Each structure stands twice: as structure tokens, then as C-alpha cells.
Amino acid sequence: MAINKITVLGSGVMGHGIAQVSAMAGYSVILRDIEQSFLDKAMEKIKWSLSKMVEKQKLSQADADKIFARITPIVDLKTALKDADLLIEAVPEDMNLKKKVYAEIDSLAEQKTLYASNTSTLPITDMAALTSRPDRFIGLHFFNPPQLMPLVEVIPGNKTNNDMVVMAMDYCKKVGKQPVLCQKDVPGFIVNRVFIPLVHEAAHCMDRDGAKMTQIDSAVKFRLSFPMGIFELADYTGLDVIHKATVEMHMRDTKVINPHPAIKKLFEEKSLGQKTGKGFYEYKGDKYERINLTEQEAATYDPVKILAVAANNAAWLITKGVCNREDLEKALKLGMGLKKELFATVNEFGAKKVVDTLRQLAAKYGQFYEPDPYLVNYRG
Ligand code: 3HC
């Protein structure tokens with residue numbers, strides 16, 4: 001399974017980043033999208049990202065130029081798939097769209113082409129079954145921004161062969177990432193099972209506790225050791241991504257999320273976050289911008305409910321054997337940038353307080369909050 005040529009399908013937030021990290025590792029990359037204007041925008045973002053790396057002396061200008069030249073943007077699918085060793089699909093998260101896309105790919109791809117999907121929530125086994133090669137299909141889930149986040153979740157479907165797992169692990173290492181094997185094809189895999197429900201929980205906290213967004217976000221950043229606030233991270237990730245992930249995850253398992261209507265509303269209003277200049281917050285443009293969060297504001301809000309929901313979903317992953325505690329903490333550190341282990345933060349707040357909070361929430365708002373047995377038995 002020698003990989004030289006990679007075709008990345010979809011040039012959005014994830015696709016352009018995956019193309020860039022692949023080119024940085026020396027692969028020859030085709031970036032494909034349905035319109036030239038999308039590709040132009042993606043190539044501009046790659047140029048910006050490379051220039052940031054030059055500015056920070058992580059790359060020389062000459063290397064940045066070589067990397068940029070390794071990426072060829074192409075609209076025509078047949079040309080884009082020619083001679084591809086590995087296809088990485090990063091089109092929007094909609095099963096009907098994926099069906100259409102895989103039917104098209106399958107009619108054009110060469111026999112040797114291996115398939116990987118950057119899906120964040122859709123079942124790998126079901127997607128693999130749409131293709132002629134379920135044994136050579138795998139989930140390769142990168143994190144935003146792929147250029148900076150070191151994690152890739154590797155998710156085999158039930159027919160994926162072992163050579164594919166080895167190839168995927170190897171590819172991740174070559175592009176400088178740290179893979180974590182997701183042992184079960186569950187909704188949200190590891191990190192999104194923890195992250196996506198938190199966006200909804202933060203919105204519930206706003207209603208239930210009458211707290212301001214910056215109060216909650218400051219508390220999450222400074223008291224739960226996240227690199228960004230939750231609303232800030234949702235805007236950064238994109239409300240379209242959050243909404244689609246919510247729908248898919250909730251459809252497969254109602255215990256994973258307690259949906260808050262604000263997310264769907266923002267999605268329908270096309271307030272998609274930073275990329276549209278407005279999401280939960282408002283932005284000056286569509287470029288990388290941070291929200292001003294402070295330790296003073298953090299002191300005015302107790303984020304235990306947010307911690308409790310994060311810990312409960314994390315506990316569920318361990319109980320179900322999706323990952324062990326070590327891989328869970330590794331994934332949260334590398335995929336969400338957590339500066340402290342989640343269960344170390346639980347210890348700090350007190351495991352009893354966390355479980356009691358969940359029980360109180362369950363009594364008021366239903367079984368979504370019922371504490372997982374791992375957490376109930378957790379003694380720090
Ligand atoms: N390429 C190169 N440089 C970039 C970049 C990119 N794509 N994006 C941002 N940067 C630069 C910034 O411009 C900034 O440069 P500056 O110092 O010159 O201003 C620098 O990197 C980052 O510095 P900051 O001080 O603003 O920020 P941080 O030190 O906090 O790091 C971060 C930024 C890595 C984004 C960090 O905040 C973080 O880890 N955030 C959490 C991200 C996260 O959780 N991602 C996962 C979301 S879930 C997901 O993706 C799954 C999906 O399926 C939904």
C-alpha cells in the first residue's frame with residue numbers, strides 16, 4: 001500500500017488543511033472541488049497558513065513555495081482521481097450527498113485507490129458499504145485547524161482490513177500527526193462525542209443560569225483549561241458543521257446530545273460563525289479572530305455543569321470500550337487542545353460534585369443527564 005499521490009475531495013475548512021499537511025509531508029496532492037471559485041479560496045487559505053508558518057520560522061519561504069507547488073487544484077473529477085493512491089473525502093456531512101459522491105468516485109477511481117473519509121459523525125461501516133471496496137475504506141478524522149491540531153482519529157469499519165489500519169496509522173505519522181484508534185464506530189467517535197454536546201450545554205447554561213456568553217466562555221477557558229471558550233470554538237468550527245453533526249449524532253443516539261434550538265436557528269439564519277462574520281458572536285471579517293475572555297469574568301461563573309456533561313460523555317466512551325482512559329485524554333489534549341486532563345479537572349472540582357450536578361440535572365431535565373456508571377464509581 002505505497003502512497004505517493006493523494007486526492008483530497010472537498011476544499012473547505014478541513015479539505016484544504018488536509019491537502020496542506022499532506023503536501024508538507026512531501027506527497028503530491030490534488031485538491032478537488034465542484035467550483036473553481038471554491039478552489040481559489042482554498043488555495044488562498046493555504047497560502048495564508050504557509051505564510052504564518054514562515055513568519056513563525058517553522059518553514060523557510062523556499063520550502064513554503066515547494067509545498068504550495070505540490071498541490072494542484074482541479075475541478076474535473078476524472079482528472080482529479082487519475083492515478084490516486086489514496087482518496088481523502090472531506091465533503092459536507094450529509095449522507096445523501098456522500099452517497100452521490102461515492103457513486104461518482106466509484107465509477108471513476110482506479111482499482112488501486114484506497115478510500116478514507118474525514119467524516120466527523122457518519123458511520124464508517126455504512127459509508128464503506130456504499131462503495132466497491134469496503135475492505136479498503138477507513139475513517140481518518142482530522143481536527144480544525146488540521147494544520148495545527150496534532151490528532152487524527154482512525155476509525156475502521158466492520159469490513160476494513162488490517163493493512164488499511166496500518167496504512168492509515170503510517171500516513172498520520174508521516175504527516176506529523178498522532179493517530180488514536182477509535183475502537184468502535186460510534187456517533188461522534190471520541191472527541192466529537194465530548195465536544196458537540198458541550199455547545200448545546202453551554203447554550204442551556206445561558207438560559208438556565210442567566211449567564212452571559214463571555215462569562216461562560218471565560219470560565220471554560222480559564223477554569224476548565226480549554227484553549228478557547230465553547231461558543232468561541234463553535235463559531236470557529238462553524239455552526240453548519242455543529243448543526244449537521246448534531247442531527248447525525250442525535251439520530252443515531254438520543255443519549256449523546258440534549259439539543260438546544262439556538263444552534264439550528266443560527267444555522268438556518270446562515271450565521272455560521274467566524275466564516276460568515278457572525279455566529280454566537282460577531283466578527284470584523286472572515287479571518288482568524290479571537291474573543292476577549294478574561295480571568296476576572298471566569299471568576300463570576302461556575303462551569304461545573306459543562307464539566308459534568310463533558311465528563312459524562314467521556315465516561316460513556318470508556319464504559320462502551322470505544323477507547324481507554326489514556327487514549328481519551330490523549331485525544332482531548334491533541335484534538336481539542338485541553339491543557340489539563342479532563343479527569344484531573346474532575347478531581348479538582350470533586351467527582352462527587354460532578355455526579356451530584358448530573359443527578360440534579362437529570363431530576364429536572366431528564367435522562368440525558370443520568371450519570372454513567374464509570375463516573376458514579378470514579379474515585380479520582
Ligand atoms: N495555519 C497556520 N497558522 C494558524 C492557523 C492555520 N490554519 N490558524 C491559526 N493560526 C495562527 C494564528 O494566526 C495565530 O498566529 P499569531 O500568533 O500570529 O496571531 C496562532 O496560529 C495561534 O495563536 P493564538 O494565540 O490565537 O491561539 P492559540 O495558542 O490558542 O492556538 C488554536 C490556536 C490551535 C486554534 C487553539 O486555540 C486550539 O487548540 N483551539 C481548539 C481547537 C479545537 O478544539 N479544534 C477541534 C474542534 S472539533 C473538530 O474539528 C472536529 C470536527 O469534526 C467538528
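The values are calculated or read from the model by the stated rules, or taken from the named source; none is laboratory data. Worth saying up front: this structure is predicted, and the values here are computed from it rather than measured. Here the Cβ is made from the backbone with ideal geometry for all residues, glycine too, and neighbour counts use every protein chain on show.
Tabulated data
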quantity	calculated
Residues located in the stretch 77-116, provided they are in a loop (DSSP other than H, G, I, E, B) and touching a Gly at 6+ places or on another chain (Cβ under 8 Å)	A90, V91, P92
Scan of the stretch 154-206 for residues that are crowded, with 20+ Cβ neighbours inside 10 Å, under 19 Å from I88 (Cα atoms) and among the polar types (S, T, N, Q), ordered by number	T160
Yes/no for A211 being more than 16 Å from the ligand (Cβ to nearest atom), of a type outside the set (D, E), assigned by TED's automatic domain parsing to the domain that holds K255 and assigned to a loop (DSSP other than H, G, I, E, B)	yes
Entirely in the stretch 289-380, the helices (runs of 4 or more DSSP H) that have 1 or more residues that are in contact with a Gly (Cβ under 6 Å, 6 or more places away or on another chain)	342-349, 351-365
Residues satisfying the stated conditions in the stretch 49-60, i.e. exposed (fewer than 12 other Cβ atoms within 10 Å of the Cβ) and either in a helix (DSSP H, G or I) or in contact with a Leu (Cβ under 6 Å, 6 or more places away or on another chain) (or both)	E55
Check on P150, within 23 Å of Q20 (Cβ to Cβ), surrounded by 23 or more Cβ atoms within 10 Å (Cβ to Cβ) and under 22 Å from the mean Cα position of the chain (by Cα)	no
Unique residue being closer than 18 Å to P146 by Cα and either within 14 Å of the ligand (Cβ to nearest atom) or in contact with a helix residue (DSSP H, G or I) (Cβ under 7 Å, 6 or more places away or on another chain) (or both) when the list is D185, D235	D235
Residue list for the stretch 43-82, filter: within 18 Å of G10 (Cβ to Cβ) and within 15 Å of the ligand (Cβ to nearest atom)	M43, E44, K45, I46, S49, I71
Exclusive hit being more than 16 Å from the ligand (Cβ to nearest atom), outside any helix (DSSP H, G or I) and assigned by TED's automatic domain parsing to the domain that holds A314, set K255, K265, K159	K255
Exclusive hit being outside any loop (DSSP other than H, G, I, E, B) and touching an Asp or Glu at 6+ places or on another chain (Cβ under 9 Å), set T119, T125	T125
Tabulated pairs, the stretch 133-144, first of a type in the set (D, E, K, R), second in a helix (DSSP H, G or I) and surrounded by fewer than 24 Cβ atoms within 10 Å (Cβ to Cβ), C-beta under 7 angstrom, 6+ apart or interchain	R136/M164
Residue in the stretch 9-24 that is hydroxyl-bearing (S, T, Y), away from the ligand (no atom under 13 Å from the Cβ) and either at pLDDT below 95 or not in a helix (DSSP H, G or I) (or both) present	yes
